[in-house]
Amino acid sequence: LWWHAHSQWDRATVHGAIVIYPKKGATYPFPKPHAEFPIILGEWWKEDIGQLYSEMIQTGGDANTSTAFLINGQPGDLYPCSKPDTFKLKVVSGETYLLRLINSVVQEMMFFAIANHKVTVVGSDASYTKPFSTDYVTISPGQTIDLLLKADQIPNNYYIAAKAYSAGAGVPYDNTTTTAILLYQGNSNSSPTSLPNIPSRNDTNASVHFTGKLKSLADKNHPIDVPHKITTHLLFTLSVNLLPCPNNSCAAPNGTRIAASVNNISFVNPTIDILQAYYYHVNGVYGTRFPNFPPLLFNFTAQHLPLYLLPAKRSTEVKILEYNSMVEIVFQGTNIVDGDDHPMHLHGFNFYVVGWGFGNFDKDKDPLTYNLVDPPLQNTIAVPKNGWTTIRFKADNPGVWFMHCHTDRHMSWGLVMTFIVKNGKGLGAQILPPPQGMPPC
């Protein structure tokens, strides 16, 4: 798993790995690796990250693209003055290694690959998956993927590389490639081989082809519990919007301000945190009328959409869930302003990804294709550009839970909503009180 700051964009540098080992007496559901290594993908700007955030909020435009991507804190050989510090992963020929891949990049999904080597996917977001072999990985911001790497090639130096997957038309992105080196023990060559083959930066098919292969292990030792009797059906549209500015004074097209929304509500940060307001019954901090379905029905993924769809309502609304309710959310991407991928992350829960597709969700046909046998259990899932994704979870964790796009500029523009899960019966089903000495926001 991955821990990180959640204040503005501080997570660019305030983050790290949480490694969970099998409990005592248990083993991995795959041969024990010779060694394991965290591989953390990051992003770096020459300017101060706080200033970058503030400028974007003040101007209403998009943020400057980053200067470099990182592998374990280093940009790699392809950036000026960086070659001496390129991260090197040292391996012994014939051995197998467990790579714990984490995407800490702030603004982009990433493609990752190792030259001349395949990897075997065995886990995602701290849950085991059915193993499958691949020569590249697609990983969303906030997502973790466990990979087995067998050092089975001619002893040499091989490039490890990652670059952005960015499918939005006209959306600025960092087009650089970060590298590390897979270094075989005993190899005397100093120069790595050529870069690995990585999909094109806007190859949506490559992205969903990888993600669609993820399935839970779902065996007798690793059972799953997919909700079947759904009590709460939700359909959430995910959109980028434009808001008018006085005298057309903002930096987005035609002097507007960029916003983003869930069901056409662009989240507004409250004056005090929702958790305290809920726990202490403080009125006026948030509303409870977050819609279960989009307020306007239209052809969500049409190439050309009417201008009246551009704005969103700015508000602080929550969706209240009964304890132990069985929840299904259909995330529906839209083409307002421009379609884009949205890596959705839910606090407080893991969820089963039971289906996905391109275009508009069909409530009669698409549920017939759901995977209810071995869907992956995740906490972050990329909703494909102009497509849909369905998740299911049991609301058995009382409290206030943030759900947001993990592309941070989308989150800062308002692609956020909040669930309140009510208390159940018994001590284990009650929201915990604030810790003693908790500092104010």
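The values are calculated or read from the model by the stated rules, or taken from the named source; none is laboratory data. Source: prediction; values computed, not measured. Cβ sites come from the backbone with ideal geometry, for glycine too, and all protein chains shown count toward neighbours.
Scan the stretch 135-176 residue by residue and report those that are polar (S, T, N, Q) and within 29 Å of Leu346 (Cα to Cα). Correct list: Thr138, Ser140, Gln143, Thr144, Ser166, Asn175. May I ask you to list the residues in the stretch 1-39 that are among the aliphatic types (A, V, I, L, M) and either in a loop (DSSP other than H, G, I, E, B) or not assigned by TED's automatic domain parsing to the domain that holds Gln107 (or both)? Leu1, Ala5, Val14, Ile18, Val19, Ile20, Ala26, listed by residue number.
Out of the residues in the stretch 133-154 meeting the condition of being among the hydrophobic types (A, V, I, L, M, F, W, C) and over 22 Å from the mean Cα position of the chain (by Cα), tell me which one is farthest from Val122 (Cα to Cα).
Looking at residues that are among the hydrophobic types (A, V, I, L, M, F, W, C) and over 22 Å from the mean Cα position of the chain (by Cα), I get Ile154.
Apart from one condition, Pro29 fits all of (1) touching a residue at least 60 places away in the same chain (Cβ under 8 Å); (2) out of contact with any His (no Cβ under 7 Å at 6 or more places or on another chain); the exception is (2).
Could you run through the stretch 45-76 and say how many residues are surrounded by 20 or more Cβ atoms within 10 Å (Cβ to Cβ) and under 29 Å from Ala115 (Cβ atoms)? The qualifying residues number 8. Of all residues assigned to the stretch 243-259, none qualifies as being within 26 Å of the chain's Cα centre (by Cα) and surrounded by fewer than 16 Cβ atoms within 10 Å (Cβ to Cβ).
Criterion first (among the polar types (S, T, N, Q), crowded, with 22+ Cβ neighbours inside 10 Å, in a strand (DSSP E or B) and not assigned by TED's automatic domain parsing to the domain that holds Pro343) does Thr179 satisfy it?
Against the criterion (among the polar types (S, T, N, Q), crowded, with 22+ Cβ neighbours inside 10 Å, in a strand (DSSP E or B) and not assigned by TED's automatic domain parsing to the domain that holds Pro343), Thr179 qualifies.
Within the stretch 350-368, residues that are within 30 Å of Trp2 (Cβ to Cβ) and touching a residue at least 60 places away in the same chain (Cβ under 8 Å) sit with their Cβ atoms under 8 Å from residues that are of a type in the set (S, T, N, Q) and assigned to a helix (DSSP H, G or I), at 6+ positions apart or across chains, in these pairs: Trp356/Thr211. The numbered conditions (1) farther than 30 Å from Ser104 by Cβ; (2) in contact (Cβ under 8 Å) with a residue 24 or more places away in the chain; (3) surrounded by fewer than 18 Cβ atoms within 10 Å (Cβ to Cβ) are all true for Phe300 except (3). Hey, does the stretch 184-204 have a residue that's in a helix (DSSP H, G or I), modelled with pLDDT of 95 or more and surrounded by 15 or more Cβ atoms within 10 Å (Cβ to Cβ)? Checked against the condition, which is being in a helix (DSSP H, G or I), modelled with pLDDT of 95 or more and surrounded by 15 or more Cβ atoms within 10 Å (Cβ to Cβ), the stretch 184-204 yields at least one hit.
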